Amino acid sequence: MSDAVTVEEQVERAGQAFTRRFGRPARLASVAPGRVNLIGEHTDYNDGFVLPMAIERQTVLVADRRADTHATVVSASQDMPASFQVDKTLAPGEPKWANYVRGVVAGSLNHGLNPGGFDALIDSTVPLGGGLSSSAALEMATATLIEALAGRTLEPVVKAMVGVFAEHTFAGVPCGIMDQFISAMGRPGQAMLLDCRTRQMRMVPLGDASVAILIANTNVRHELTGGEYAQRRRQCEAAAGALGIKALRDATLGELEAARTRLDEVVYRRARHVIGENARTVQAADDLAAGRWARVGELMYASHQSLKEDYEVSCAELDVLVDLTRPLVGKGVYGARMTGGGFGGCTVTLVQAEAVPEVTAHLEREYQARTGIAATVFSTRPAAGARGIPVG
Ligand code: ADP
Ligand code: MG
């Protein structure tokens, strides 16, 4: 895979593909990163805290205006091009992948940003559907392109919410706000502690050259038939209801213990995960900022354990990748956990920068030996959020 290209190389590559496809050079370019959540899983819809960072894998859009109000968008990752009118009649349609683009165009129009007609080409190094938020990267790259076409910018929070609108209304995915916030507003060398209730953000320094973030993709996604996500949400609501609070964000573990006999056993465990995870996330932000790496690592392992046993959203492959890091604690590894919704996708591991090659090789070799599946492992530092790129 040609994933480890620089943004400049990627823009160049996309520009060449644009010229081949449209017979003229692209004049505008935008880029937005994928993200990894360091800690704070299944807390977002409980009004809680998350701690994501933007990664060095990104979606690039290159484009040029058209004289009419038509848009043609092609993606290097999809066979079917998208074609639609840029006006108030814009609605979800086929191909499905383009609904993220259509939704952002529609959301931008709602905010008075009219890009007019355009041709665009998408090139992404974020794996699609791998839990690193290729969808938010596509949305924020599209919104940034629209800003350039319209000659006006949106407030970054408004821009992020246009992506959320696209995801909810056009793609039909009931996501939280984390992915779009970090893809829009990530900063190099910083993670973001985000309060999903108030939308307040606190940037957390993570620029120390001696540490790196290792992302390992299980390359599996278990199809769930039981409506697991909706079920977890209902269980959280049931727990909040029994505790007489608006959301689990408002409870402490002490209050949960006091109410334990009134709660269904499964509901109790779901709530224990969410309440504990919120506390771990706030604590991890302070520990990261202070460079207490070993402490952050412990919180990551505790998060994984809680997601596995109390929230029951891990899977064998995620557990293998996390367990493979354990013998290396004190020898380059600080901690690891599953990241994203679960049942597949990626793990995130905090490592000493100098140990990256060795830990990577260890995970690749042993994961293959234990599962028969090839993992995709790469290291990253916190990257910049969405931005326009000068062309030519
Ligand atoms: P994730 O955001 O974790 O990668 P999602 O299921 O939320 O997974 O989003 C993946 C979907 O987003 C893809 O199936 C596709 O429809 C769309 N998408 C993301 N990136 C691209 C891209 N570069 N080109 C076309 N479609 C994309
Ligand atoms: Mg997504």
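A short reminder: the numbers here are calculations on the coordinates, not readings from a lab. All values derive from a computational prediction rather than experimental measurement. Every residue, glycine as well, gets a Cβ built from its backbone with ideal geometry; the counts of neighbours run over all protein chains shown.
In the chain, taking the dipole from charged Cβ atoms about the Cα centre, the farthest positive-side position among 164, 368, 176 is held by 164. Remark on the chain: ratio of C-alpha radius of gyration to 2.2 N^0.38 Å is 0.99. Highest mobility in the GNM of the chain, judged by mean-square fluctuation with C-alpha springs under 10 Å and restricted to 274, 158, 126, is found for 158. Karplus-derived 3J(HN,Hα) values for region 151-165, using 6.51 cos²θ - 1.76 cosθ + 1.60 with θ = phi - 60°, are x, 8, 10, 9, 4, x, 5, 5, 4, 4, 5, 5, x, 4, 4 Hz; glycine and proline are entered as x.
Here the relative contact order of region 248-318, from alpha carbon pairs under 8 Å that lie six or more residues apart, stands at 31 percent.
Let's see if you can work this out: charge +1 on each Lys and Arg Cβ, -1 on each Asp and Glu Cβ, no other charges. What is the dipole magnitude of the chain about its Cα centre, in debye to the nearest 20? Charge dipole, the chain, about its Cα centre: 580 debye, nearest 20. The fraction of Cα-Cα pairs per 5 angstrom bin, counted from 0 for region 115-219, comes to 2, 10, 18, 21, 22, 15, 7, 3, 1, 0 percent, rounded to whole percents. About its Cα centre, the dipole of region 146-244 is roughly 160 debye, where the only charges are +1 on Lys and Arg Cβ and -1 on Asp and Glu Cβ.
Here's the picture: a label point sits 7 Å out from the Cα of residue 331 along the beta-carbon direction, and within region 355-389 the residues with their amide nitrogen under 19 Å of it are 355-370. Highest average first, the peptides 356-364, 304-312, 202-210 ordered by how many other beta carbon atoms sit within 10 Å of their residues are 304-312, 356-364, 202-210. Put simply, when 24-34, 247-257 are sorted by average Cβ atoms within 10 angstrom per residue, most first, you get 24-34, 247-257.
Residues whose amide H comes within less than 5 Å of that of residue 191, counting only those at least five positions distant or on another chain, are 204, 206 (H built at 1.01 Å from N in the peptide plane).
Round to a whole angstrom and tell me the spacing of the C-alpha centers of region 91-121 and region 157-198. The two parts, judged by their Cα centres, are 17 Å apart.
In sequence order, region 4-17 has phi-based couplings of 8, 7, 6, 4, 4, 5, 5, 4, 4, 4, 5, x, 5, 5 Hz under the Karplus curve 6.51 cos²θ - 1.76 cosθ + 1.60, θ = phi - 60°, and Gly or Pro positions carry x.
Backbone phi angles across region 191-202, fed through the Karplus curve with coefficients 6.51, -1.76 and 1.60 (θ = phi - 60°), yield HN-Hα couplings of 9, 10, 8, 10, 8, 6, 8, 8, 6, 6, 10, 10 Hz in residue order; Gly and Pro are listed as x. Each principal axis of the Cα atoms in region 211-380 has its own extent, and those three values, largest first, are 50, 41, 22 angstrom. About the centre of its Cα atoms, region 211-362 shows a dipole size close to 280 debye [charges on the beta carbon of Lys, Arg (+1) and Asp, Glu (-1) only; nearest 20 debye].
What percent does the relative contact order of region 3-126 come to when contacts are Cα pairs within less than 8 Å and at least six residues apart? Mind showing how you got there, number by number?
Numbers: 217 pairs, mean separation 36.2, N = 124.
In percent, rounded to a whole number, it is 29.
Between the residues 382, 114, 126, the greatest Cα displacement towards the positive end of the dipole of the chain, with unit charges on the Cβ of Lys, Arg, Asp and Glu, is found for 114.
In terms of packing, defined here as the mean over residues of other Cβ atoms within 10 angstrom, the peptides 330-339, 141-150, 91-100, 107-116 line up highest first as 141-150, 330-339, 107-116, 91-100. Could you tell me which residue out of 239, 214, 351 lies farthest along the dipole of region 211-380 toward its positive end? Charges go on the beta carbon: Lys and Arg +1, Asp and Glu -1, centred on the Cα centre. Working it through, the farthest residue towards the positive pole turns out to be 239. In this simple spin-label model, placing a label point 7 Å from the Cα along the Cα-to-Cβ direction at both residue 369 and residue 70 gives a separation of 5.8 nm. Our summary gives the chain a relative contact order of 23 percent, counting only alpha carbon pairs under 8 angstrom and 6 or more residues apart.
Extension gain, residue 4 to residue 253: 0.36 nm times the residue separation minus the Cα-Cα distance gives 85.4 nm. Just to verify a number: FRET efficiency for residue 319 and residue 91, C-beta to C-beta distance, R0 = 35 Å, to 0.05? Computed FRET efficiency for residue 319 and residue 91 comes out at 0.25.
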